[in-house]
Amino acid sequence: MSRLFIDVGSTYFKVSQNDSIGQYFRDFNKNIFDDLSGRCGDILSQYTKEDVYICSSANGGLSTLIIGLTNSYSLKYAINIAFNSGINIIDTVLYPKIQRETPPLEMIDVVIIVGGIDGVERVFDERLLRYLEAAHYQNIVYVGSSSDRAFLEQNIENIVILENIISPKLKIQEEALKTYLTDLYQADIVGKEDIKQLYAITANQIFSTPYIVNRALPQVSNILDVADPFIVIDIGGATTDIHYSRDLVEDNIVSQSGYDRLVFKKLGVYKSRESLVHTAKSNEFVFELLEHLNVTENILEEQSEKATRILMQLSIFLVLYKVSKHHAAYIELNLETLNSIVLTGGITKVLSDEEAEEIILFFYKKILRFHRAPTIILDRAYEIWTYGIKE
Amino acid sequence: MKVVIGVVGNDVHVVANRLIDISLEERGFEVFNLGVNTYLEEFMDAVIETDADVLLISSLNGEAEGWCRDLRILKSQYDFKNVTFMIGGNLGVGEMDPQLLVPKFEAYGFDLVFHQIDLNVGLDRLEAFLEARA
Ligand code: B12
């Protein structure tokens, strides 16, 4: 019996059956369920609830704030797990500096607290409690040293205690937190009326799209014409995600999944256009790049189709720049050894192959001083997610 | 007692570090081995996460000075209570005078400094140091 896969995005529905994928522009005057039933009612009626699988990025996903004891372990591990679970990180706090930090004003879906291997005592104290009093959050989870559990349970209402994400040998243990976060995502969906209604047509858990994409990566090379190591850049309206093979990083994380995800919240072309433009203007190479593309800086302020294309090219450039060795950010990818770059998301609707190649070649020549660039594949049918959901 | 070990900087000499791991285990220490190519910040963070008693850094390729200069700054950013900071291996480039090297690394904030000194001699000194401190 065949199955039906549906991805609910912020601008499109993608519906996949028998290896063909239909894409439908969303009608924002309707709720998701009505819109989907209106357009795909015939298709939906052919499947039982058990055979319908849905993932969604439409509700923006969960937000998290992470409080950790050190950068190299607690924060690094928790950030890694959160990203791979498809969650957006609002902020991170290095615990020894917590007194100097003010909590974000917005409501956080889940606060993650981590520090110390099991047996390490009194990592957290009153300072944490005072900080949390000023924060707004819905869920809170502790994944640090077992010795501090009692203190936190006594003092923080509704705190969920899970297995430490730092093993006794200082390695990452991701399972418990990852499961918790992906389940929470589902619970969050349940709270959102719009998506809750989709359970009328599926009997399966609805996952977040980035989580599904991440799960698809081990299979991508079987289906698309890519060679390992590769990265997937998903440029959408609000955020830009990059999924990469762990072979491309040298760090102290030894995790089970071979692929990680990194999110750039402020590099979307529509919903975060302003900050994209701001980031672009403060990059030393961007003016040269604009010149190379035969446009002036003024294009960044325009609202034309051409301007959108340029912005998409800029976001590809900025993402590569941010993970290259020229930018000491959270992660540095070994882009020199990369064989393929897969572009997916809204960007594939706008850019031609040549436009994508042009920008990547510019990056490789100008920044990495290479003569050639990796092969570029545009996932135009936006089918990557279907491999992850079929699992 | 917990000891964090590893080789600092962009240093790939792995053999001594393996011996250090084994020797410390034999002497009854609990060892957290960060391996080669480890940055000073990672060492400090590992000490914090494990609440270690000793940080034992080794450096063989001559880069120690460049990588360890900032120890004092990092030490001032956290309360490292009773942690013993120790370094050994080839701390200079070529045949440097230990008379000059040892005070230099002590000034960076190390309690015990061993330039081209046999491992077991160093570990005996560490045990004596810990005993005296206790
Ligand atoms: C094997 C070797 C390599 C191998 C390493 C393979 C590997 N993955 O381990 C390779 C070929 C990769 C290599 C590369 C290089 N090497 Co090399 N290498 C050696 C060599 C021949 C042996 C090292 C070894 O394993 N010895 C066996 C172990 C058990 O001994 P040990 O390392 O000396 O450690 C003992 C003591 O130092 C002490 N000890 C070590 N750490 C500590 C810590 C404490 C707290 C204490 C108390 C004691 C202690 O205890 C150990 C046992 O007694 C030495 C020369 C030599 N004969 O020592 C050069 C040597 C270490 N290398 C050297 C150099 C310069 C390099 C390179 C820069 C060469 C280059 N130009 O490319 C690169 C650096 C690469 C990098 N990024 O780190 C120099 C260092 C010079 C200096 N510091 O003044 C040496 C001394 C050679 C020389 N005489 O010039 N090297």
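The values are calculated or read from the model by the stated rules, or taken from the named source; none is laboratory data. The structure presented is a predicted model; accordingly, all values stated were derived computationally and were not measured. Glycine also receives a Cβ, built like all others from the backbone with ideal geometry; neighbour counts cover every protein chain displayed. Surface areas here come from the heavy atoms of the whole protein model, side chains and all, with no ligands, DNA or RNA. Shrake-Rupley method; radii C 1.70, N 1.55, O 1.52, S 1.80 Å.
Quick one: work out the % antiparallel among DSSP beta bridges in the protein assembly as shown, nearest 5.
Numbers: 23 of 77 bridges.
Roughly 30 percent of the DSSP beta bridges within the protein assembly as shown come out antiparallel.
Peptide B:73-84: average number of partner chain Cβ atoms within 10 Å per residue?
That works out to 1 on average.
How many Å² of accessible area per residue for chain A, probe 1.4 Å?
That works out to 42 Å² for each residue.
Between rounded, prolate and oblate, where does chain B land on the alpha carbon gyration tensor, with a ≥ b ≥ c its root eigenvalues, rounded for a/c under 1.5, else prolate if a/b exceeds b/c?
Cα axes put chain B in the rounded bin.
What's the center-to-center distance, using Cα atoms, between the stretch B:27-81 and the stretch A:114-162 in Å?
The stretch B:27-81 and the stretch A:114-162 have Cα centres spaced 27 Å from each other.
What spacing in nm lies between the two simple spin-label points modelled at A:D42 and B:Q99, each 7 Å away from Cα in the Cβ direction?
It is 9.5 nm.
Mark the label point 7 Å from the Cα of B:L119 along Cα→Cβ and return the residues of the stretch B:1-17 whose backbone N is within less than 11 Å of it.
Correct set: B:14-17.
Averaging over every viewing direction, what projected area does the convex hull of the Cα atoms of chain A cover, in nm²?
19.9
For A:Q205, put the label point 7 Å out on the Cα→Cβ axis and report which residues of the stretch A:356-391 keep their amide N under 20 Å from it.
Residues A:385-391 qualify, since their backbone N sits under 20 Å from the label point.
Give, in nm to one decimal, the length gained when the segment between A:V277 and A:Q186 is fully stretched (0.36 nm per residue of separation minus the Cα-Cα distance).
Full extension from A:V277 to A:Q186 adds 29.4 nm.
Just the ratio, please: alpha-carbon radius of gyration of the stretch A:62-179 over 2.2 N^0.38 Å, N its number of residues.
Numbers: Rg = 12.7 Å, N = 118, 2.2 N^0.38 = 13.5 Å.
The value comes to 0.94.
If you take every DSSP beta bridge whose two residues both sit in the stretch A:62-179, what share of them, in percent to the nearest 5, is antiparallel?
Given both bridge residues lie in the stretch A:62-179, the antiparallel proportion sits at roughly 5 percent.
Which of the peptides A:71-80, B:23-32 is most tightly packed, and how do the rest follow, going by the mean number of other Cβ atoms within 10 Å of each residue?
In descending order of packing, they fall as A:71-80, B:23-32.
Any idea how far apart A:E357 and B:L130 come out in nm if each label point goes 7 Å out from Cα toward Cβ?
About 6.2 nm, to one decimal.
Tell me which lysines have Cα within less than 30 Å of A:K281's Cα, excluding those fewer than 8 residues away on the same chain?
Filter leaves A:K76, A:K265, A:K266, A:K271, A:K306, A:K322, A:K325, A:K349, A:K365, A:K366.
Pairs of alpha-carbon atoms within less than 8 angstrom and 6+ residues apart define the contacts here; what relative contact order does chain A have, in percent?
15
For labels at A:H326 and A:N18 in the simple 7 Å Cα→Cβ model, what's the distance in nm?
Result: 5.0 nm between the two label points.
For the modelled label position 7 Å from the Cα of B:R72 along Cα-to-Cβ, which residues of the stretch B:113-129 have backbone nitrogen atoms closer than 16 Å?
Taking a point 7 Å out along Cα→Cβ of B:R72, no residue of the stretch B:113-129 has its backbone N under 16 Å.
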